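Where a number appears in this text, it was derived from the coordinates with a stated rule and is not lab data. Being a predicted model, the structure only gives us computed values, none of them experimental. Neighbour counts run over all protein chains shown; Cβ positions are idealised from the backbone, glycine included.
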Amino acid sequence: MPGTRRLALYAIVVGTLGTMPGISYSAPDAFYEPEFLWPKQDVTVCFGTQEQIPRTEILDPKKAGLAAETLDYFRAFPPEVRTLIRSSIEAEYTRERTGIRFVGWNDCDPAALSDVVLLGFSAPSESKAQLGYIPLGRASIGTSAWDGTHKLDPSLKAFVFFDWKEAFGNAVSVRDFKHAVLHEFGHVAGLRHNHVSSDYETDPFCIHSRAVSRVEKPGPRTMSYGAYDPFSIMSYCLSEWGWKNGSAELYLSDEDIEKLPAKKVDPTVLTPVPFRPGVFRWTVTLSVLDRETLRTLYPPKKTSSWPRRMIHK
Ligand SMILES: [Zn+2]
């Protein structure tokens, strides 16, 4: 079942997080890692080389249990996929909308330092069988070394992709790939998954998709901002439901609406379809609260400070 498999493929960034005894959630919010926020608003991205792949922990042949020759199968993204990634990100992460934005987009030049190395490669079936799973996208959280992306090579602050065409044939659409791109750059901006909040249990999209079986643990310094947001690009649930549904149109029952914060949909993400009560068109985009959260973390004018409400002791 492609939709079900794809969930496992998504980046689950747990890194070195331990479980903290006595964690209590004061409020279910958007979660981020304050110590790994970028100290600037323009973050430079470059496209990495094939030689850099095995220097990421998740694709280190030994650690990933791959035959060394598997890496020979990987092929760099074609220009049109690079363009899709860049245009998706530049349209959504703007100075006005998010404060933080991503610039550069050249080949990684060893002489020029980039903040984020983007490794985009196709993973053909030979390597897929050995990997056992294909992460559609995977990313570090902000400037951290979580997920092992640059533990093996300090020059790598990697952001790793596989070519969806090779991995999934036509099963993954441009829309789904764009969702993965926006989601992973959310991690790069320092955001964690929404299901760090226990409120995912009553999130109607999570109930429909059964995308999240277990709440993720926050890290020792994880902070929160704003209200729980079922429409966030950092949630698995709405997108997984959309994938399972196989359509951009979703039906929300009255009961579903009741469970939403303020009993309302985010109008940027779900647009009512005229004359069809309960039917909404799903657009892959940052939610209103995603943008607000990022603008707060990366204020367009550097006059305000980050929110520092701790979610646990
Ligand atoms: Zn993720």
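Can you give me the long-range amide H partners of residue 249? Hydrogens built in the peptide plane at 1.01 Å from N, cutoff under 5 Å, separation of 5 or more residues or another chain.
Excluding prolines and chain starts, which carry no amide H, the hits are 282.
May I ask you to sort 32, 298 by Cβ crowding, counting other Cβ atoms within 10 Å and putting the fewest first?
298, 32
Using amide H atoms built 1.01 Å from N in the peptide plane, name the residues 5+ places from residue 103, or on other chains, whose amide H lies under 5 Å from its own.
HN-HN under 5 Å from residue 103: 43, 44, 45.
Tell me, what ³J(HN,Hα) does each residue in the range 230-243 have, in order and in whole Hz, if you take phi through Karplus 6.51 cos²θ - 1.76 cosθ + 1.60 with θ = phi - 60° and put x for Gly and Pro?
For the range 230-243, the Karplus-derived couplings read x, 9, 5, 5, 8, 9, 7, 6, 4, 5, 5, 4, x, 5 Hz, x marking Gly and Pro.
Between residue 109 and residue 257, what length comes free when the chain is fully extended (0.36 nm per residue of separation minus the Cα-Cα distance, one decimal in nm)?
Using 0.36 nm per residue and subtracting the Cα-Cα distance, I get 48.3 nm.
On a full-extension model of 0.36 nm per residue, what is the gain between residue 175 and residue 35, subtracting their alpha-carbon distance, rounded to one decimal in nm?
Gain in length upon complete extension: 47.2 nm.
Highest mean first, what order results for 88-101, 179-192, 283-296 on Cβ atoms within 10 Å?
179-192, 283-296, 88-101
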